[in-house]
Amino acid sequence: MKRHIAGLACAAAAVLSVSTFASTAHAQAADPVTALKGEFTSGRGVSFVDTTKINTPAGNFVFSQRKGAFQFGASGISASDQTTKLRIKESDLEALSGEEASGGLAGLAKPERTIRVKNVSYISGGLFGEFLPAEKTWLRVPGGPIGLTGRLSQLVNVAEPATLKSLLAHATTKRSGLYGGKITFGELYKVSPWFRTSVLVKPSSSEAKTVVSWKLFVGSDRLATRLTTTYSAAGLGAKGTTMTVDSRYTGWGSKVTVKAPPAEEIAELKDLEEGADAATSIPLLGN
């Protein structure tokens, strides 16, 4: 009898242990920030696709699409690689700018790729590509932006723990698989390195008040599957325009390797050909 009771006690303890473990695991998985931090393993990452739609008095249309991946390190994003294509044709640029001005601007109709490793950006194609020396294919920009087109894609990065935490702190919708709320440009500028390197310049006091409405969809693992953001482009200097960016995330935990381009293919800012300053100072949606 004692042996039987002892056996039941051991079984009960085992069940309780498994139940406690399962409850703890569920509690951890229920927190998207904890789930995100659990993905931070060197050489792993996630892929994403951003689609930007613009609402103007002239109508609604898709303005750009960006595809890329984040590589993680032990504490967060260590590198990224993204390519952006604007829905612009060279013929459109000629119509807007005139034949003489369209030469340097032709790059806006071409894909722009940006590799970012730690705090250095390497940009190929796009507008900068029109002014690179013939033997070079990449421009190195220390502390540089996510390309010139970064502000035309997703400004909110849910792969940053501090950004994700700030979003969730503002959440007014919280239900299974969905969070939603609002946050301002000013708040994003404070917490998000991605936002700061995307918008190129610090928002003015009025621009900082720009409100971003967002919805975050998460899977059963509590990792992001989709993020939508909507805001007035007045925050980027373009009045009368509303932007909506739809981001999809796939392949969490997959192998991602991002490296800086070969040294022999890299040019510095001082190497850009004549005309680059004027062309690259042209505002993309303001500023």
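The values are calculated or read from the model by the stated rules, or taken from the named source; none is laboratory data. Small disclaimer: the values here were computed from a predicted structure and weren't measured. Quick reminder, even Gly has a Cβ in these numbers, built from the backbone with ideal geometry, and neighbours come from all protein chains shown.
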(request) Taking Val33 as the residue in question, decide whether it is in a helix (DSSP H, G or I) and modelled with pLDDT of 90 or more. (result) yes
(request) Could you check, for the range 58-71, whether at least one of its residues is surrounded by fewer than 16 Cβ atoms within 10 Å (Cβ to Cβ), within 17 Å of the chain's Cα centre (by Cα), modelled with pLDDT of 95 or more and among the small types (Gly, Ala, Ser)? (result) no
(message) Taking the criterion of being over 19 Å from His170 (Cα atoms), β-branched (Val, Ile, Thr), buried (at least 18 other Cβ atoms within 10 Å of the Cβ) and within 16 Å of the chain's Cα centre (by Cα), would at least one residue in the range 199-212 satisfy it?
(response) yes
(message) For the range 229-267, which positions are modelled with pLDDT of 95 or more and over 28 Å from Tyr179 (Cβ atoms)?
(response) Lys255, Thr257, Val258, Lys259, Ala260, Pro261, Pro262, Ala263, Glu264, Glu265, Ile266, Ala267
(request) Answer yes or no as to whether Ala224 is modelled with pLDDT of 95 or more and crowded, with 16+ Cβ neighbours inside 10 Å. (result) yes
(message) Between Tyr179, Tyr122, which is modelled with pLDDT of 95 or more, hydroxyl-bearing (Ser, Thr, Tyr) and under 30 Å from Asp31 (Cβ atoms)?
(response) Tyr179
(message) I need the strands (runs of 3 or more DSSP E) fully contained in the range 189-269, keeping only those with at least 1 residues that are free of Cβ contacts under 8 Å to residues at least 60 places away in the same chain.
(response) 211-218, 224-232
(request) Please specify each residue of the range 75-105 satisfying the condition of being modelled with pLDDT of 95 or more and either more than 21 Å from the chain's Cα centre (by Cα) or farther than 23 Å from Ala233 by Cα (or both). (result) Gly76, Ile77, Ser78, Ala79, Ser80, Asp81
(message) Just checking, does the range 106-119 include any residue being modelled with pLDDT under 85 and not polar (S, T, N, Q)?
(response) yes
